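Note sheet for the following structure.
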Amino acid sequence: MDLFLFTVDPAWGADVVAAGAAGIVVDWERRGKHRRQRGEGTQINTDTPEDLSRMRAATPGRLLCRVNGFGPWTAAEVDDAVARGADEVLLPMVRSGEEVDRTLDLVAGRCGLGILVETEDAVQQTAQLARRPLSRVYVGLNDLRIDRGATQLFTPLVDGTVDAVRAVVSQPFGVGGLTLPEGGFPVAAELLAAELVRLGADFTFLRRSFTADMAGRDPFVEVPRLLATLDGLRLAGRDDVEARRAAFVSAVGGVPEAQPA
């Protein structure tokens, strides 16, 4: 499973990639995000075009740039990301095939285009969206929860939503995010890792929980340990897979519902 680190710290990013991660994500998405995620405690990054250039210079790993959701600004953002060395552009908050087609036209084969399935519209259209020549498809649990007006982050992993999306995606598929195996809250990271392996996820993200949990730790020890954990989960027998799935479902069911803001 490929691991992609959200960071604009060149030294940190270079070490994590050298230790075994597949690449880096630089995050330009913030148009409307403060309003959409107000009170949610989610991470809203302030990465800049200059950050993308710095990260390109820092590592040969695959460099992904998440732009803003489709709009009049998309052409300029795509051009800038390509010029600064992005290997792929990630388009968030997809709601229609037209948005994806127009972005593919803007990319024009200069880099890959991945999409984030994080609206109910995108969930319902995934089979059609996945017929496009996309570099990857990722299910974004935070924004999907908000779009659905739900309170539980992991519900799509237990109610069949993510399984249904996975079944129609032939491109590299990802969901969720990981930290060190002994970490994770409110659901243990090891249970979430087992769920990603069960789904056949090809990649996932390392975000702020991973960076926080790595404080004082050596990425050249911890990244290979995380990858070894994922390898071990892939070798698990059917009974172990079913037991971990049951434990994950139970853990999700035990998470208290958030109170309305």
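Readers should treat all values here as calculations from the given coordinates under stated rules, not as data from a laboratory. Everything numeric here is computed off the predicted structure, so don't read it as measured data. Every residue, glycine among them, receives a Cβ derived from its backbone with ideal geometry; neighbour counts consider all protein chains shown.
So if R0 is 35 Å, what FRET efficiency would residue 247 and residue 31 give, r being the distance between their Cβ atoms, rounded to the nearest 0.05?
After rounding, the FRET efficiency stands at 0.35.
Which FRET efficiency, nearest 0.05, do residue 185 and residue 22 yield, Cβ-Cβ r, R0 25 Å?
After rounding to 0.05, the efficiency reads 0.50.
List the residues of segment 99-115 whose backbone N lies under 18 Å from a point placed 7 Å from the Cα of residue 75 along the Cα-to-Cβ direction.
Output list for this probe position: 99-111.
With +1 assigned to the C-beta of every Lys and Arg and -1 to the C-beta of every Asp and Glu, and no other charges, what is the dipole magnitude of the chain about the Cα centre in debye, to the nearest 20?
Rounded to the nearest 20 debye, it is 220 debye.
Report the calculated FRET efficiency for residue 101 and residue 231 (r = Cβ-Cβ distance, R0 = 35 Å), to the nearest 0.05.
According to the calculation, E is roughly 0.40.
Filter the trypsin sites (Lys or Arg not before Pro) in segment 91-147 to those in DSSP coil with at most 14 other Cβ atoms within 10 Å of their Cβ, and list the result.
Passing sites in segment 91-147 are 110, 131.
Just need log10 I(q)/I(0) for segment 120-228 at q = 0.16 Å⁻¹, Debye formula, equal scatterers on the alpha-carbon atoms, no solvent, rounded to two decimals.
-0.76
What number, in percent, do you get for the relative contact order of the chain if the mean sequence gap of Cα pairs under 8 Å and at least 6 apart is divided by its residue count?
Here the relative contact order equals 18 percent.
Measure off 7 Å from each Cα along the Cα-to-Cβ vector at residue 159 and residue 211, then give the distance between these two points in nanometres to one decimal.
If labels sit at residue 159 and residue 211, their model points lie 3.1 nm apart.
Along its three principal axes, how long is segment 57-193 when you only count alpha carbons? Whole Å, largest extent first please.
Taking the Cα atoms of segment 57-193, the three principal extents are 40, 36, 26 Å.
Report the Cα centroid-to-centroid distance between segment 210-254 and segment 62-126 in angstrom, as an integer.
30
To make sure I understand, if each residue's beta carbon is the centre and we count other beta carbons within 10 Å, what order do 211, 103 fall in, fewest to most?
Going from sparsest to densest Cβ surroundings: 211, 103.
Can you find, among 248, 123, 22, the residue farthest towards the positive end of the dipole of the chain? Put +1 on the C-beta of Lys and Arg, -1 on that of Asp and Glu.
The residue sitting farthest along the positive end of the dipole is 123.
Which value, in debye to the nearest 20, describes the size of the charge dipole of segment 123-163 about its Cα centre when Lys and Arg Cβ atoms bear +1, Asp and Glu Cβ atoms bear -1, and nothing else is charged?
I would put it at about 200 debye.
I'd like to know which of 81, 185, 157 lies farthest towards the positive end of the charge dipole of the chain, counting +1 on Cβ of Lys and Arg and -1 on Cβ of Asp and Glu.
Positive-most Cα among the choices belongs to 81.
Run the dipole for segment 108-251 about the Cα centre, Lys and Arg Cβ at +1, Asp and Glu Cβ at -1, nothing else charged, and hand back the magnitude in debye, nearest 20.
420
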